[in-house]
Each structure stands twice: as structure tokens, then as C-alpha cells.
Amino acid sequence: MAPIPVLVTRPEPGSSATAVRLRAMGLMPVLAPLLTIAPVAHRLPPADGFGAIVVASRHAVPPLPPPYRVLPLFAVGDATAEVARGEGFGEVRSAEGDAAALAALVARMRRPGDGRLLLAAGAGQGHYLARLLAQAGFTVERREVYAARPVAKLPEPARAMIRTQKGGRVLLFSRETALCLCRLIQGTDLTACFTTLDLAAISRSVSDAAGDLPWRSIRVAMTPTENAVLALLND
């Protein structure tokens, strides 16, 4: 029996890393990132003005300059924490969850008097997390250090997989990716093909964003982690 095709839509380098795991599971990854990550011009305040760094995406870590790497860093999940350690951050803690879990972790480990928090985020992102931290009494400085830009057209591997691979799966790891997919599909002859495809989404907000497509089935991960999303493919 041929392996089940799985469309991987997340940006690189996460897309290739997920593909490795899918092959180990006996599945056939089809890589078609729908977002591209690009740095944005930024000028950060001196690192010694902060008590800790908060990041909700792995893409926010590499743009941080070396002076910041002596600060404690709070990451939304294990993958982001791993990237931070690889970039030279010595004190890294993972919330293993979403924005709410990340804010709760910071509130458990820090006090507002310990210093300002630098929230390194993508363009247009991180506002909800900033509000949660502010509600907990922290002084938060949100700075955009990268941008996730949607692709202008559907990558050919995705188009071919959607058109021909009945019974395939589609992985969606972010709301931005889900919205991009819907924008590229709706109004095209590919829409009807989704009645043969199953969606595996990292969270309810992601599945809601993709809900306008006529999926054969929609499954949502128990926790917002890659492990939980991939576990949906085992059944």
C-alpha cells in the first residue's frame, strides 16, 4: 500500500523538519510552505534594560543580537526552546503550549519587579500575549523582529497533491497559514477536491480559519504542539 500523502504548509525550516518526522512515521510528506519568513529592520533597546525575553515563535529567536543571549528566555514550546538553545541562550524555559500557557509560565517564574519583558514577535503578531502579560502586572515592550509573508500563488506541489491525492492529509500549524490556504483555494476548481482531504490543525482557531473549505474531516490537536498534531495522523 502506498504511503498516505501529507501536505506540509508551514514555513521553512520547520517544513523540512516536519517532513523528516513524517517519513519516519511511514507517511509521504509533500512540502509546500505557504508563508515565507523575512527579517524586518529593527533597532532594539539595550539588553540590560530588560529582565527577560518572551517569544511565541521560533522565528523570533535568530534576529535577537548576541547581547540579548545572556537574558532568560521564555519560549512558547519545546521546538522554540530548542532553537533558542542552539542560538546560544543559556537560560531557556518552555511553556509547552500556547500564548496563555506562555504568559502563565512567565507569571510563575518572574515577578513584575524583576524588570521589563521584551516580547520579540512577528509583524502584526503577539498583541494577545502582550495583553496577558500586562494584565499580570508586567511591563512589556513588544518589538517586531520578523515578518511572515503569504505566498502569492499556491506552490505546484500543493496543487498537484490536492488535485490527485484522494485521502490525503493537510497539516496547518498557524492561523496565518490557514487563511492563506483559503485565499488561494477559494474560487478555484481545486475547492471541490477538499471533500477528499482531511485536516489536522494545531488549534481550534486554526481549524476555524480553514473552516470555509469543504474538508472530508477536521481534527484538532489536544495541545498546540507538533507532537499532538502528528498524533492525529496515527488513526
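Looking only at the stretch 218-231, which residues are in contact (Cβ under 8 Å) with a residue 40 or more places away in the chain and either in a helix (DSSP H, G or I) or touching a Phe, Trp or Tyr at 6+ places or on another chain (Cβ under 6 Å) (or both)? Steps first, please.
First, the residues of the stretch 218-231 that are in contact (Cβ under 8 Å) with a residue 40 or more places away in the chain: 223-226, 229-230.
Scanning the stretch 218-231 gives Glu226, Val229, Leu230.
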Scanning the stretch 1-16 residue by residue, those outside any loop (DSSP other than H, G, I, E, B) and surrounded by 14 or more Cβ atoms within 10 Å (Cβ to Cβ) turn out to be Pro5, Val6, Leu7, Val8, Gly14, Ser15
With the stretch 25-129 as the region, which strands (runs of 3 or more DSSP E) entirely inside it contain at least 3 residues that are surrounded by 17 or more Cβ atoms within 10 Å (Cβ to Cβ)?
-> 28-31, 50-55, 73-75, 92-94, 116-122
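The rows are residues; the columns are (1) of a type in the set (S, T, N, Q); (2) in the same structural domain as Ser15 (by TED's automatic domain parsing); (3) within 17 Å of Ile53 (Cβ to Cβ).
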{"site": "Tyr68", "(1), (2), (3)": "no, no, yes"}
{"site": "Ala79", "(1), (2), (3)": "no, no, yes"}
{"site": "Leu118", "(1), (2), (3)": "no, no, yes"}
{"site": "Tyr128", "(1), (2), (3)": "no, no, no"}
{"site": "Gly137", "(1), (2), (3)": "no, no, no"}
{"site": "Arg142", "(1), (2), (3)": "no, no, yes"}
{"site": "Glu156", "(1), (2), (3)": "no, yes, no"}
Conditions: (1) touching a residue at least 40 places away in the same chain (Cβ under 8 Å); (2) within 23 Å of Leu105 (Cα to Cα); (3) out of contact with any Asp or Glu (no Cβ under 9 Å at 6 or more places or on another chain). Val30 meets all but one. Number of the miss?
-> (2)
Scanning the stretch 156-175 residue by residue, those surrounded by fewer than 20 Cβ atoms within 10 Å (Cβ to Cβ) and under 19 Å from the mean Cα position of the chain (by Cα) turn out to be Arg175
Quick check: is even one residue across the stretch 2-13 in contact with a helix residue (DSSP H, G or I) (Cβ under 8 Å, 6 or more places away or on another chain) and within 21 Å of Leu119 (Cβ to Cβ)?
-> yes
So which residues in the stretch 88-101 are at pLDDT below 95 and of a type outside the set (Gly, Ala, Ser)?
-> Glu96, Asp98
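Hey, can you tell me all the residues within the stretch 130-150 that are aliphatic (A, V, I, L, M), under 25 Å from Pro62 (Cβ atoms) and surrounded by fewer than 17 Cβ atoms within 10 Å (Cβ to Cβ)?
Matches in the stretch 130-150: Ala147 only.
The values are calculated or read from the model by the stated rules, or taken from the named source; none is laboratory data. Nothing here was measured: the structure is a model prediction, and the numbers come from that model. Positions of Cβ are generated from backbone atoms using ideal geometry, with glycine treated the same way; all protein chains shown enter the neighbour counts.
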